[in-house]
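Undergrad: This is the structure I want to talk about, given as structure tokens.
The values are calculated or read from the model by the stated rules, or taken from the named source; none is laboratory data. What you see is a predicted model; the values in this text were computed from it and never measured. Please note: Cβ atoms are built from the backbone with ideal geometry, for glycine as well, and neighbour counts cover all protein chains shown.
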Amino acid sequence: MKKRKIRCYLAYCDAGGIFNNEVVYTASEGYRIELATCIKCGAILVLDRENPQTAEQSLESLVDGAMCPVCGCDLSESIRLYPETFRGKGGHLGSFTPPKIIPPDSESHVIEVWEIIPSSPR
Ligand SMILES: [Zn+2]
């Protein structure tokens, strides 16, 4: 996997009774990307759904056989859609629903996350 820059917004929410867990979410700016996370370590990954190779496949099947680039675990077991599921402080899992109203561009940040690149069709 390689890293890719994405534009996102920051939010804070609670998980497992602990407040101020930082989460990020993206605005769909006419192109489709999906975020995912490894619930073992909290790594954020991005999936480009514009790529015809990824469009039809489930998240789990796309990472079949892949290891988390951060903690090395089996991603097909630890991957979840993000930030619908996220790993907060102390390993507590939380859930965040991005707001319908996207903040202005001036509040966005650019971060680097790991991109899930589909292996060639078998
Ligand atoms: Zn991991």
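Undergrad: Collect the residues in segment 23-46 that are out of contact with any Lys or Arg (no Cβ under 9 Å at 6 or more places or on another chain) and assigned to a strand (DSSP E or B), keeping them in residue-number order.
TA: V23, V24, Y25, L35, I44, L45
Undergrad: Name the residues in segment 74-90 that are touching a residue at least 24 places away in the same chain (Cβ under 8 Å) and under 16 Å from the mean Cα position of the chain (by Cα), would you?
TA: L75, S78, I79, R80, L81, Y82, P83, T85, F86, R87, G88
Undergrad: Checking L47 against (1) hydrophobic (A, V, I, L, M, F, W, C); (2) crowded, with 16+ Cβ neighbours inside 10 Å; (3) within 15 Å of the ligand (Cβ to nearest atom): exactly one of these is not met. Which one?
TA: That leaves (3) as the condition not met.
Undergrad: Could you list all residues from segment 110-122 that are more than 16 Å from V23 (Cα to Cα) and loosely packed, with under 12 Cβ neighbours inside 10 Å?
TA: Within segment 110-122, S119, S120, P121, R122 meet the criteria.
Undergrad: Okay, next question. Restricting attention to segment 32-44, which residues are hydrophobic (A, V, I, L, M, F, W, C) and more than 9 Å from the ligand (Cβ to nearest atom)?
TA: Across segment 32-44, the qualifying residues are I33, L35, A36, I44.
Undergrad: Which numbered condition trips up E107, out of (1) surrounded by 13 or more Cβ atoms within 10 Å (Cβ to Cβ); (2) among the charged types (D, E, K, R); (3) touching a residue at least 24 places away in the same chain (Cβ under 8 Å)?
TA: Status for E107: all satisfied but (1).
Undergrad: Kindly indicate which of T54, T85, T97 is of a type outside the set (A, V, I, L, M, F, W, C) and either in contact with a His (Cβ under 6 Å, 6 or more places away or on another chain) or exposed (fewer than 13 other Cβ atoms within 10 Å of the Cβ) (or both).
TA: Result: T97 is the single residue among T54, T85, T97 that is of a type outside the set (A, V, I, L, M, F, W, C) and either in contact with a His (Cβ under 6 Å, 6 or more places away or on another chain) or exposed (fewer than 13 other Cβ atoms within 10 Å of the Cβ) (or both).
Undergrad: While we're on this one: Any residue at all in segment 42-63 that's touching a Ser or Thr at 6+ places or on another chain (Cβ under 6 Å), modelled with pLDDT of 95 or more and within 24 Å of A15 (Cα to Cα)?
TA: Among the residues of segment 42-63, at least one is touching a Ser or Thr at 6+ places or on another chain (Cβ under 6 Å), modelled with pLDDT of 95 or more and within 24 Å of A15 (Cα to Cα), which makes the answer yes.
Undergrad: Another question, if that's okay. If we keep just the residues of segment 60-77 that are assigned to a helix (DSSP H, G or I) and surrounded by 18 or more Cβ atoms within 10 Å (Cβ to Cβ), which is farthest from the ligand (Cβ to nearest atom)?
TA: L62
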